[in-house]
């Protein structure tokens, strides 16, 4: 998402420059660091009510909601594990793997889907191979890159099911740095208005959209109980809307 941040700063006419951190952090540690204005100035992450209460979000989804479209990673020898899944009840027969502090975990659990969690991202790939759980739902933004990683050599993308829940990937800032959040908000709004945000979206995410154009996948919609009421769902220009999906199964609330 560095390209979006550079675009926002450019559109805002800001002289600020980007300096990457050299410290590797788990997601929650990074958010705590940001909250207290220690080492980080900005983090991009999936939104939730709790995160928006602690931090300052710029409410323009960097991915136009693609982060909520999910394809499962599976062991290669179990590629057809979800072949007969048509409904949420069908999916409840299988156990997902997720990070212990990911909003996705609570979303899946809210619909009665069994979830095994880990505090270590890399260990989830090994746990999947060891059948500690059955499938590992990944965003269409992540799965292509992850499949190229050596730890995923024996894994494949599930060809049968596509999960979706409304969510947004935002830039978050420390509540102690409202001026920085406002600068980026202004730049992002200008990029949306002049079309450069949409152009960058198409350029960056064309490969990810291929997963959404596979009409053979069974789509299962999940409500998102963590979605803040301030989420700008009414601004249609901010959200991707696939037009080639069929047979959507909506989970009961």
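The values are calculated or read from the model by the stated rules, or taken from the named source; none is laboratory data. A quick note: this is a predicted structure, and the numbers were derived from the prediction, not measured. Every residue, glycine as well, gets a Cβ built from its backbone with ideal geometry; the counts of neighbours run over all protein chains shown.
Key figures for this structure:
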item: Considering residues of the stretch 21-36 that are modelled with pLDDT under 85 and over 18 Å from residue 169 (Cβ atoms) only, the residue nearest to the chain's Cα centre (by Cα); result: 24
item: Wholly within the stretch 52-140, strands (runs of 3 or more DSSP E) carrying at least 3 residues that are touching a residue at least 60 places away in the same chain (Cβ under 8 Å); result: 56-58, 69-75, 136-139
item: Number of the condition not met by residue 135 [criteria: (1) modelled with pLDDT of 95 or more; (2) surrounded by fewer than 21 Cβ atoms within 10 Å (Cβ to Cβ); (3) within 15 Å of residue 75 (Cα to Cα)]; result: (2)
item: Hits in the stretch 170-184 - residues which are in contact (Cβ under 8 Å) with a residue 12 or more places away in the chain and surrounded by fewer than 21 Cβ atoms within 10 Å (Cβ to Cβ); result: 175, 176, 177, 178, 180, 181, 183
item: Close pairs from the stretch 193-206: first within 18 Å of residue 69 (Cβ to Cβ), partner assigned to a helix (DSSP H, G or I) and modelled with pLDDT of 95 or more, Cβ under 6 Å, at least 6 apart; result: none
item: Hits in the stretch 10-40 - residues which are crowded, with 18+ Cβ neighbours inside 10 Å and touching a helix residue (DSSP H, G or I) at 6+ places or on another chain (Cβ under 6 Å); result: 11, 12, 35, 40
item: Of all residues making up the stretch 3-51, the number that are within 16 Å of residue 183 (Cα to Cα), without any contact (Cβ under 8 Å) to a residue 24 or more places away in the chain and not in a loop (DSSP other than H, G, I, E, B); result: 1
item: Filter pass, residue 230 being at pLDDT below 90, over 21 Å from residue 142 (Cβ atoms), assigned to a loop (DSSP other than H, G, I, E, B) and not assigned by the TED database to the domain that holds residue 2; result: no
item: In the stretch 233-249, residue farthest from residue 82 (Cα to Cα) [restricted to those that are surrounded by 12 or more Cβ atoms within 10 Å (Cβ to Cβ) and at pLDDT below 90]; result: 240
